[in-house]
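The values are calculated or read from the model by the stated rules, or taken from the named source; none is laboratory data. As the structure is a prediction and not an experimental result, all values here were calculated from the model. In this analysis, Cβ positions are derived from the backbone assuming ideal geometry, glycine residues included, and neighbour counts consider all displayed protein chains.
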Amino acid sequence: MQSPWILESPRTRKAKRLASALDTDVIIIGAGIAGMTTAFEILKNTPLRVTVLEAGEVGGSATGHNAGIFIADTERPVKSVYDEYGPVLTRAMLDELRGSWELLESCIAELGLALPLYPLPALLGLKSETVLNESLADAKVRVELGDQTELVCVREDLLAGIKEEYRHLVKGVSREDIQAKLEVNDPGFLGYWPDRRAAAGNSRVLSEEIAAALLGRYEGRLALHEQTRVKRITADSESVTLVTEDGHTVTGKYTVLTTNGFENLHIDNHAGEPIDASFHYEVRGAVGFMLGYLVKETYSPVMAAYLGVWNFKGHPVYSEEALEDPYIYLSRRPYDGKTLITVGGPEDFVDDTSVYTPEYVFPDKAFKDIKDFLKTYRIPLPEKPDFMWHGLMGYTRSGLRLVGPEPKNPRIIYNLGCNGIGLLPSFIGANRIARLLLGEKLPPSVFDPKG
Ligand SMILES: Cc1cc2nc3c(=O)[nH]c(=O)nc-3n(C[C@H](O)[C@H](O)[C@H](O)COP(=O)(O)OP(=O)(O)OC[C@H]3O[C@@H](n4cnc5c(N)ncnc54)[C@H](O)[C@@H]3O)c2cc1C
């Protein structure tokens, strides 16, 4: 079975492979949402020529196999970002995350894109004390840094046990309210954090629409080659040279890796210390498994993440032991005249040397774990899912997106590492890179690659 995002809008544009050598200014490797937004921001804001090289097709990888929720957030708890990077950089991150909505909206408006985006409230269901306390700590930091934050709704009988420092951040609700809001029969939830801004959309369609619009608008400055895998990057202090699987060469001033971190290529650095091994060590992978159900009734769009439903061990997302503790995420939106309900959560971790392919087996355990969760979901679903898919997430060691020049050779630039939430953050990376190429000196950021 396939991802609903690929099926929703079959591709009509013909793919063009690279068939000869090419010279350009910026070579983007990868045409997922990160590659296409990076191309958009560079073409819009600079006079540079851009070539995009994609091993498969536009939006065919993680961008076509995700949960399709646009949310200006990070999976890594904000409190842990604050503890590591301090208030200035954390506030700047929250500002950039909020600003990513504007980047998305201006991209859609400027290119006249047609895809639907369904605004919806996103809520977090909190089932264990660990996730409740983590959310309260996050809420406290967000409020301190001026982020607008809803009160965390906590079961009334737990209010007396809430620490003094968090009391102003919570409000009491009944067990029934919690179940109704989360649409579950499970009485075990301790609370929820409501109503974050989010939208449901098809990021594969968004990427394809951006590609088609850019090809029309920037005919002389943009080349897009699909089915063209890059095998080697050679970079010196002046330029970069890329060699494709077919043996063609592309030269440019810069290359931007928007590969999600799994590119299976070699990097030769002729301008300093070796990059290859250290770069690959930066990103580890998680294969996320999802089921989708179509129901004929109309339900309002919503997104909910259910945290702590599996024995939550409290590993931070960036620790060596575990990249993150998985959680269930569910969303609803209109689809083909019906309502599509998607549910994901189970993950397999893969290291950077593994080759992930679409043939990766959907484990029985992942299927069962999702089905077990759905036993508590209040909306009745058909026995058999209509869609079943998986996709690859790139987790960086920082648990945050990697955006900016490689410290050992600034001709190589990154906009990668989804860390669970990568759609809106791709826009942030794209915009930062265009500003860098324009010569702007950007202030330090949590997204900066470390030396
Ligand atoms: C199951 C799942 C659920 C998710 N849910 C959400 C969500 O709800 N919200 C959210 O914000 N994020 C979500 N994400 C993350 C989100 O999908 C990603 O962050 C985003 O799609 C990544 O986009 P990308 O362009 O960086 O990577 P990709 O879409 O993977 O694109 C990278 C491209 O690079 C190409 N490439 C790689 N190596 C080479 C090479 N050597 N030569 C040429 N091309 C190459 C690949 O073919 C690929 O097309 C989810 C991810 C998964 C897997």
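Could you please give the count of residues in the range 429-451 that are farther than 16 Å from ILE28 by Cα and of a type outside the set (Ser, Thr, Tyr)? Step through it out loud before you land on a result.
First, the residues of the range 429-451 that are farther than 16 Å from ILE28 by Cα: 438-451.
From what is left, the residues that are of a type outside the set (Ser, Thr, Tyr) are 438-444, 446-451.
Of the residues in the range 429-451, 13 are farther than 16 Å from ILE28 by Cα and of a type outside the set (Ser, Thr, Tyr).
For residues in the range 39-59 being touching a Leu at 6+ places or on another chain (Cβ under 9 Å) and assigned to a loop (DSSP other than H, G, I, E, B), which is nearest to the ligand (Cβ to nearest atom)? Among those residues, the one meeting the criterion is GLU54.
For the range 60-70, does any single residue satisfy the condition of being more than 14 Å from the chain's Cα centre (by Cα) and either crowded, with 21+ Cβ neighbours inside 10 Å or assigned to a helix (DSSP H, G or I) (or both)? Walk me through how you get there before you give the answer.
Residues of the range 60-70 that are more than 14 Å from the chain's Cα centre (by Cα), as a first pass: 60.
Then keep just the ones that are either crowded, with 21+ Cβ neighbours inside 10 Å or assigned to a helix (DSSP H, G or I) (or both); that gives 60.
Yes: one or more hits.
What is the residue count in the range 159-214 for residues that are touching a Ser or Thr at 6+ places or on another chain (Cβ under 6 Å) and either in a helix (DSSP H, G or I) or away from the ligand (no atom under 16 Å from the Cβ) (or both)?
As a first pass, look at the range 159-214 and keep what is touching a Ser or Thr at 6+ places or on another chain (Cβ under 6 Å): 184-186, 193, 200, 203-205, 207.
Filter again for either in a helix (DSSP H, G or I) or away from the ligand (no atom under 16 Å from the Cβ) (or both), leaving 184-186, 193, 203-205, 207.
Adding up the residues that qualify gives 8.
Within the range 342-365, identify whether any single residue is more than 13 Å from the ligand (Cβ to nearest atom), over 16 Å from ALA67 (Cβ atoms) and in a helix (DSSP H, G or I), and answer yes or no. Yes - at least one qualifying residue is present in the range 342-365. Taking the criterion of being more than 16 Å from the ligand (Cβ to nearest atom) and in a loop (DSSP other than H, G, I, E, B), the residues of the range 256-281 that qualify are HIS270, ALA271, GLY272, GLU273, PRO274. When you look at GLY345, is it out of contact with any strand residue (DSSP E or B) (no Cβ under 7 Å at 6 or more places or on another chain) and small (Gly, Ala, Ser), yes or no? No: the conditions fail for GLY345.
In this structure, does ARG76 turn out to be touching a Gly at 6+ places or on another chain (Cβ under 8 Å), of a type in the set (D, E, K, R) and surrounded by 21 or more Cβ atoms within 10 Å (Cβ to Cβ)? So ARG76 passes the test. For the range 368-379, the condition of being modelled with pLDDT under 95 and assigned to a loop (DSSP other than H, G, I, E, B) holds for none of the residues.
All but one of (1) assigned to a helix (DSSP H, G or I); (2) more than 6 Å from the ligand (Cβ to nearest atom) hold for ALA34, so report the exception by its number. Unmet for ALA34, out of (1) assigned to a helix (DSSP H, G or I); (2) more than 6 Å from the ligand (Cβ to nearest atom): (2).
The set of residues from the range 421-451 being of a type in the set (Gly, Ala, Ser) and surrounded by 20 or more Cβ atoms within 10 Å (Cβ to Cβ) comprises GLY422, SER426, GLY429, ALA430, ALA434.
Residues in the range 174-218 that are aliphatic (A, V, I, L, M) and within 25 Å of LEU381 (Cβ to Cβ): ILE178, ALA180, LEU182, VAL184, ALA198, ALA199, ALA200, VAL205. Among the residues of the range 121-155, those identified as in a loop (DSSP other than H, G, I, E, B) and of a type outside the set (A, V, I, L, M, F, W, C) are LYS127, SER128, GLY146, ASP147, GLN148, THR149, GLU150.
If you check MET93 against the conditions, is it within 12 Å of the ligand (Cβ to nearest atom) and either surrounded by 22 or more Cβ atoms within 10 Å (Cβ to Cβ) or part of a helix (DSSP H, G or I) (or both)? Give the steps one after another, and end with the answer.
Details: within 12 Å of the ligand (Cβ to nearest atom): no; either surrounded by 22 or more Cβ atoms within 10 Å (Cβ to Cβ) or part of a helix (DSSP H, G or I) (or both): yes.
When the stated conditions are applied, MET93 does not pass them.
May I ask you to list the residues in the range 217-231 that are touching a Leu at 6+ places or on another chain (Cβ under 6 Å) and surrounded by fewer than 16 Cβ atoms within 10 Å (Cβ to Cβ)? The answer is LYS231, and nothing else. For the range 434-451, taking the residues that are out of contact with any Pro (no Cβ under 6 Å at 6 or more places or on another chain) and small (Gly, Ala, Ser), the one that is nearest to the ligand (Cβ to nearest atom) is identified as ALA434.
So in the range 396-433, with the set limited to residues that are among the aliphatic types (A, V, I, L, M) and assigned to a helix (DSSP H, G or I), which one is nearest to the ligand (Cβ to nearest atom)?
If we take residues in the range 396-433 being among the aliphatic types (A, V, I, L, M) and assigned to a helix (DSSP H, G or I), then LEU423 is nearest to the ligand (Cβ to nearest atom).
Condition check ((1) without any contact (Cβ under 8 Å) to a residue 24 or more places away in the chain; (2) farther than 30 Å from TRP5 by Cβ; (3) in contact with a Gly (Cβ under 9 Å, 6 or more places away or on another chain)) across all residues:
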{"position": "LEU126", "(1), (2), (3)": "no, no, yes"}
{"position": "GLU129", "(1), (2), (3)": "no, yes, yes"}
{"position": "ARG167", "(1), (2), (3)": "yes, yes, no"}
{"position": "GLU183", "(1), (2), (3)": "no, no, no"}
{"position": "PRO187", "(1), (2), (3)": "yes, yes, no"}
{"position": "ARG196", "(1), (2), (3)": "no, no, no"}
